[in-house]
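Trainee: What follows is a structure written as structure tokens; I'll ask about it next.
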Amino acid sequence: SFLNFSINYSASQTRDVLKQHFNDLKGTLGKLLDERLVTLLQEVDTIEQETIKPLDDCQKLIEHGVNTAEDLVREGEIAILGGIEEQNEKLWSFTKKASHIQLDSLPEVPLLVDVPCLSAQLDDSILNIVKDHIFKHGTVASRPPVQIEELIEKPGGIIVRWCKVDDDFTAQDYRLQFRKCSSNHFEDVYVGSETEFIVLHIDPNVDYQFRVCARGDGRQEWSPWSVPQIGHSTLVPHEWTTGFEGYSLSSRRNIALRNDSESSGVLYSSAPTYICGQTLTFRVETVGQPDRRDSIGVCAEKQNGYDSLQRDQAVCISTNGAVFVNGKEMTNQLPAVTSGSTVTFDIEAVTLGTTNNNEGGNFKLRVTISSNNREVVFDWLLDQSCGSLYFGCSFFYPGWKVLVF
């Protein structure tokens, strides 16, 4: 019955989307046709006014000449009918007027072939072109070509993985959207060719919905959306300690920027939120000038008075790629940290209880540090059992920006 409901619901939603889209299209096409009609009618008005004005002026000039001639003829008739003295005076006045009036000149009247004759040229082929486009417009898909495969919770984030489910579909790009389940609005969070993405700024213990679609090779339009999947993170977000001189933090306190302030010391996490068995990830967003004393890593406890994590009870990587365990540099080295580098720490407990005291510690952890497709694996000895650890960083020069998740 749930499957029936799912089919009926998606069919109902699809009908509504189609009706709405074609209604909107009708309205827009109607407006465009109205605008074109107004433009053409204005062209007709302009041509009519421009071509009629000279003809109107010509007609007024001819009418004025005819009226003047008629007045002169009447004046001549009156002059002939009057007495001799009066006649002479009127004839003289008549002759004077007649000599100043040019009755033999007329303005040039254009030939009929030169006078504009307006008509509308309307090509019916537009209907065939529009008809072809309309008949190809829109498709109904019973299955999206891509679906969400896995949601993995992270502190303050969720990794979303998706895969193609249609073998005949060649994807050029993917588009991932998410929203809080309490929200009506999905927002884009990733567009690109990868098939996984970590969505950050996730509040703990809040349900989020995710959906993905794809764009076919060489196509403009996006495929139908995948079935939305709900996920959440129960893990507390990692945060840097606030108020530490030398570092500016983002609003969610998961990004630390080494600023221009004079500072020495390690910026630690606000709490020991790294739990063994998880993956701790640092992403270097921007870089400054490197120094061999720089460090990014984890430690058993906060210890003030040190200017780096290159100390006892800590493991770290320097910006030059050197790895330090309890303050000692390892022979194995990782690539230097660059802008966009991702450094991950995976730590698991190896033994509980007492180990050989000659090894100098009572508690052993297996540590894997990965960076730029290389990794080092080693055992880390601690004085006491630690289920959760602090993380930290230290940079001697400004410009370094590190995101933790």
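The values are calculated or read from the model by the stated rules, or taken from the named source; none is laboratory data. Not measured: the values here are computed from a predicted model. Virtual Cβ from ideal backbone geometry, glycine too; neighbours counted across all protein chains shown. Just the protein is used for accessible areas: all its heavy atoms, side chains included, with ligands, DNA and RNA removed. Shrake-Rupley method; radii C 1.70, N 1.55, O 1.52, S 1.80 Å.
Trainee: Exactly one of (1) under 27 Å from residue 363 (Cβ atoms); (2) outside any strand (DSSP E or B); (3) among the hydroxyl-bearing types (Ser, Thr, Tyr) is unmet by residue 268. Its number?
Mentor: (2)
Trainee: Looking at (1) closer than 20 Å to residue 279 by Cβ; (2) open to solvent by 40 Å² or more (accessible area, probe 1.4 Å), which is the only condition residue 198 fails?
Mentor: (2)
Trainee: Need pairs with beta-carbon distance below 9 Å; first residue more than 25 Å from residue 46 (Cα to Cα) and modelled with pLDDT of 85 or more and within segment 117-132, second open to solvent by less than 90 Å² (accessible area, probe 1.4 Å) and not aromatic (Phe, Trp, Tyr); sequence gap 6+ or separate chains.
Mentor: Note: pairs meeting the criteria are 130/29.
Trainee: Spot the failing condition for residue 233; the list is (1) out of contact with any Gly (no Cβ under 7 Å at 6 or more places or on another chain); (2) modelled with pLDDT of 90 or more; (3) assigned to a loop (DSSP other than H, G, I, E, B); (4) farther than 30 Å from residue 396 by Cβ, and only one is missed.
Mentor: The one condition residue 233 does not meet is (1).
Trainee: Ok, one more. For segment 286-296, what are the residues that are in a strand (DSSP E or B) and either on the phi > 0 side of the Ramachandran plot or surrounded by fewer than 19 Cβ atoms within 10 Å (Cβ to Cβ) (or both)?
Mentor: 286
Trainee: Consider segment 40-90. How many of its residues are over 30 Å from residue 119 (Cα atoms) and open to solvent by less than 60 Å² (accessible area, probe 1.4 Å)?
Mentor: Residues meeting the conditions: 10.
Trainee: Provide a single number: the residues in segment 1-39 that are within 17 Å of residue 130 (Cα to Cα) and open to solvent by 70 Å² or more (accessible area, probe 1.4 Å).
Mentor: The number of residues fulfilling the criteria is 12.
Trainee: Still on this structure: Starting from residues that are free of Cβ contacts under 8 Å to residues at least 60 places away in the same chain and open to solvent by less than 10 Å² (accessible area, probe 1.4 Å), keep the ones in segment 201-213 and report whichever is farthest from residue 157 (Cα to Cα).
Mentor: The qualifying residue farthest from residue 157 (Cα to Cα) is 208.
Trainee: Can you name the condition, by its number, that residue 181 falls short on among (1) open to solvent by 80 Å² or more (accessible area, probe 1.4 Å); (2) within 23 Å of the chain's Cα centre (by Cα); (3) over 18 Å from residue 146 (Cβ atoms)?
Mentor: (1)
Trainee: Would you check which residues across segment 349-370 are farther than 13 Å from residue 315 by Cβ, at pLDDT below 85 and not acidic (Asp, Glu) and list them?
Mentor: 350, 351, 352, 353, 354, 355, 356, 357, 358, 360, 362
Trainee: Same structure, new question: Restricting to segment 172-221, give me the number of residues that are part of a strand (DSSP E or B), at pLDDT below 90 and closer than 19 Å to residue 281 by Cα.
Mentor: Going through segment 172-221 one residue at a time, the tally reaches 1.
Trainee: Which one of the conditions (1) under 30 Å from residue 98 (Cβ atoms); (2) under 30 Å from the mean Cα position of the chain (by Cα); (3) not charged (D, E, K, R) does residue 23 fail to meet, given that it meets all the rest?
Mentor: Single failed check for residue 23: (1).
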